[in-house]
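Participant: This is the structure I want to talk about, given as structure tokens.
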Amino acid sequence: MTEALTIRSLTTINELEDVRTLESRVWGKEEATPVHQTLTAVKNGGLVLGAFLNEKLIGFQYSFPGFDGDCVYLCSHILAVDPAYRSMGIGAKLKHAQRQESKKKGYSYISWTYDPLESANGYLNIGKLGAVCSTYIENCYGDMNDPLNADLPSDRFVVEWASAEDTKRGQPLYKPDQIMDASLIHWTLTDEGFPSVTEIDEKVLGRDIVSVAIPSAFQQMKEASPSLALDWRIRTRRVFQTCFAKGFEVTDFMKHPGSNGPVHFYILTKREVQK
């Protein structure tokens, strides 16, 4: 089906109206990003990319310029794919197209935020794309009432992704048993089949590579047990903040062996020993 998929920059009012409509449908928001905002962004160095299947808009990515005090980068704000067309790799295709356009425009890197407990996003952003993270923001956007974020602090990773492809990134040198053994978070299963944190093992912080377990089905957990989801939020917040303060950086993502386990793992390495 992806043979007919095309991705192109969107610049007209009509195209951006379609983006606004899709954003409302995907995120369940009545007040999607105004067209006057996306239009202004694309006229001033920003970017809106649309993914089309047989000329139907099924996904988009919206970004605008940012400045970190030293250089101008591309701030990637929203990526959305129509629920009917997920699991087709469209999100990754949009990100790679964004990277190509970012390089053409002269940006040195791309930055964006996402919820670190959303394992699908972790797998895409860290595991597949190769972005890295060493910044954690508590309750980044304040209270959010959309279905994905309601009733929990909106904690976020801030990731960075170089505009030029990193040819040095190769196959990982670690094995699944090594990563599971290096996890700071120990867990057990509840009667409902969800993982529950039992211990934080900070002894592994003496290693150069550590891992952090997260639930593989966080949204289902939140719906079934909000208190358990909140506990994971608070526990992982403290763990990531501790790791980043000690010089670790999130550099990879590993699914639980068998892919369908109750947890997946972020892999963190000491910045000074990365190759």
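Participant: Exactly one condition in (1) open to solvent by 20 Å² or more (accessible area, probe 1.4 Å); (2) touching a residue at least 12 places away in the same chain (Cβ under 8 Å) is not met by Ser87; state its number.
Facilitator: (2)
Participant: Can you pull out the residues in region 52-77 that are at pLDDT below 95 and open to solvent by less than 20 Å² (accessible area, probe 1.4 Å)?
Facilitator: Within region 52-77, just Leu53 meets the criteria.
Participant: Among the candidates Glu165, Glu160, which residue alone is surrounded by fewer than 15 Cβ atoms within 10 Å (Cβ to Cβ) and either within 19 Å of the chain's Cα centre (by Cα) or not hydroxyl-bearing (Ser, Thr, Tyr) (or both)? Steps first, answer last, please.
Facilitator: Values: Glu160 fails: surrounded by fewer than 15 Cβ atoms within 10 Å (Cβ to Cβ).
None of the other options fit; the residue is Glu165.
Participant: Can you pull out the residues in region 217-251 that are open to solvent by less than 30 Å² (accessible area, probe 1.4 Å) and among the basic types (Lys, Arg)?
Facilitator: Within region 217-251, Lys222, Arg233 meet the criteria.
Participant: Taking strands (runs of 3 or more DSSP E) that do not extend beyond region 136-228, which have at least 3 residues that are out of contact with any Ser or Thr (no Cβ under 7 Å at 6 or more places or on another chain)? Give the steps one after another, and end with the answer.
Facilitator: On the way: elements: 156-162, 185-189, 195-200, 209-215.
Here the list reads 195-200.
Participant: Are any residues in region 194-211 without any contact (Cβ under 8 Å) to a residue 24 or more places away in the chain and either open to solvent by less than 70 Å² (accessible area, probe 1.4 Å) or in contact with a helix residue (DSSP H, G or I) (Cβ under 7 Å, 6 or more places away or on another chain) (or both), and if so, which ones?
Facilitator: Asp201, Val204, listed by residue number.
Participant: Residues that are touching a residue at least 60 places away in the same chain (Cβ under 8 Å), in contact with a Gly (Cβ under 7 Å, 6 or more places away or on another chain) and under 30 Å from Asp231 (Cα atoms): does region 95-106 have at least one?
Facilitator: Scanning region 95-106 turns up no residue that is touching a residue at least 60 places away in the same chain (Cβ under 8 Å), in contact with a Gly (Cβ under 7 Å, 6 or more places away or on another chain) and under 30 Å from Asp231 (Cα atoms).
Participant: Pick out the one residue from Leu49, Leu39, Leu5, Leu10 that is open to solvent by 20 Å² or more (accessible area, probe 1.4 Å) and free of Cβ contacts under 8 Å to residues at least 60 places away in the same chain. Quick ask: steps written out before the conclusion?
Facilitator: Numbers: Leu49 fails: open to solvent by 20 Å² or more (accessible area, probe 1.4 Å); Leu5 fails: free of Cβ contacts under 8 Å to residues at least 60 places away in the same chain; Leu10 fails: open to solvent by 20 Å² or more (accessible area, probe 1.4 Å).
The match here is Leu39.
The values are calculated or read from the model by the stated rules, or taken from the named source; none is laboratory data. Because the structure is a prediction, the values reported are computed rather than measured. All Cβ positions, glycine included, derive from the backbone under ideal geometry; neighbour counts span all protein chains shown. What goes into the accessible areas is simple: the full protein's heavy atoms, side chains included, and nothing from ligands, DNA or RNA. Shrake-Rupley method; radii C 1.70, N 1.55, O 1.52, S 1.80 Å.
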